[in-house]
Amino acid sequence: MTQARRPPWEERIAVASMALLLVITLVNVATRYLTDESLAWTEEISVFLMVVLALAGASAVGRDDRHIRIEFFLNRTLPDGTQRPRRGLKLFGALATALTFGLLAALFLRWVADQLHYSETSMGLGVPLWWYGVFIPPLCLAIAGRAAMVVWRTLREGKEDGR
C-alpha cells in the first residue's frame, strides 16, 4: 500500500486562498442579488487573496520546475545534436527568478516596515496595511528559494554528465 504524497505547503496555501476567494465572492454576489447592496470589504480581501494565490502558486510550481516557458527555445537542438543551450537557458531563468524575487522580498519587507512605522490603514476595512503585506516577503523568498533549488539541481546534473 503506497502512501499519498502530501502536497507542499505552498500548494495548500494556494488552495486555501482559492477556497476563501470563492466563498467571499459567492457571499458578495448573493448579497448583491438579494439586497442590491455590495459588501465593500470583499473586494479588499479578494485582492489580497489573489496576490497570495499567485505567489504561493508560483512557489509551488517552482518546486518541480514547472513554470511556463517558451518551449521552442528550451527544446531546441544544435546541429551537432547537443542540447547545451537547454541547460544554459534553464540556469539563466532560474537565476533571474531567484534574484528578482529576492529583491522583491527585500523591497516588500521595507514596505511592510514603512506600513508599521506610519500606521497606514486600508480603505475598505480600516485594518493596518501591514496585515496584508506581511505575507508577501516570505512568499517571495519561497519563490527565490525554489528557483535557487532549480539552479542547484541543474548544476549538479551538469557535474554528473561531465559538463
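Among the residues in segment 140-152, are any surrounded by fewer than 13 Cβ atoms within 10 Å (Cβ to Cβ), free of Cβ contacts under 8 Å to residues at least 40 places away in the same chain and either under 26 Å from residue 57 (Cβ atoms) or more than 18 Å from the chain's Cα centre (by Cα) (or both)? Yes, segment 140-152 contains at least one residue that is surrounded by fewer than 13 Cβ atoms within 10 Å (Cβ to Cβ), free of Cβ contacts under 8 Å to residues at least 40 places away in the same chain and either under 26 Å from residue 57 (Cβ atoms) or more than 18 Å from the chain's Cα centre (by Cα) (or both).
Restricting 129, 125, 116 to those that are touching a Ser or Thr at 6+ places or on another chain (Cβ under 6 Å) and within 30 Å of residue 40 (Cα to Cα) reduces the list to 129.
Could you tell me whether any residue of segment 28-47 is at pLDDT 85 or above, closer than 20 Å to residue 125 by Cβ and within 15 Å of the chain's Cα centre (by Cα)? Scanning segment 28-47, I find at least one residue that is at pLDDT 85 or above, closer than 20 Å to residue 125 by Cβ and within 15 Å of the chain's Cα centre (by Cα), so the answer is yes.
Does residue 104 meet the test of being part of a helix (DSSP H, G or I) and within 12 Å of the chain's Cα centre (by Cα)? Outline the logic, then answer.
Details: part of a helix (DSSP H, G or I): yes; within 12 Å of the chain's Cα centre (by Cα): yes.
The answer is yes for residue 104.
Kindly indicate whether any position in segment 9-17 is aliphatic (A, V, I, L, M) and buried (at least 19 other Cβ atoms within 10 Å of the Cβ). Checking segment 9-17: at least one residue is aliphatic (A, V, I, L, M) and buried (at least 19 other Cβ atoms within 10 Å of the Cβ).
When segment 42-63 is filtered for residues that are within 26 Å of residue 152 (Cβ to Cβ) and either of a type in the set (A, V, I, L, M) or not in a helix (DSSP H, G or I) (or both), the ones remaining, listed by number, are 54, 55, 56, 58, 60, 61.
The values are calculated or read from the model by the stated rules, or taken from the named source; none is laboratory data. All of these numbers come straight from a predicted model, not from anything done at the bench. Virtual Cβ from ideal backbone geometry, glycine too; neighbours counted across all protein chains shown.
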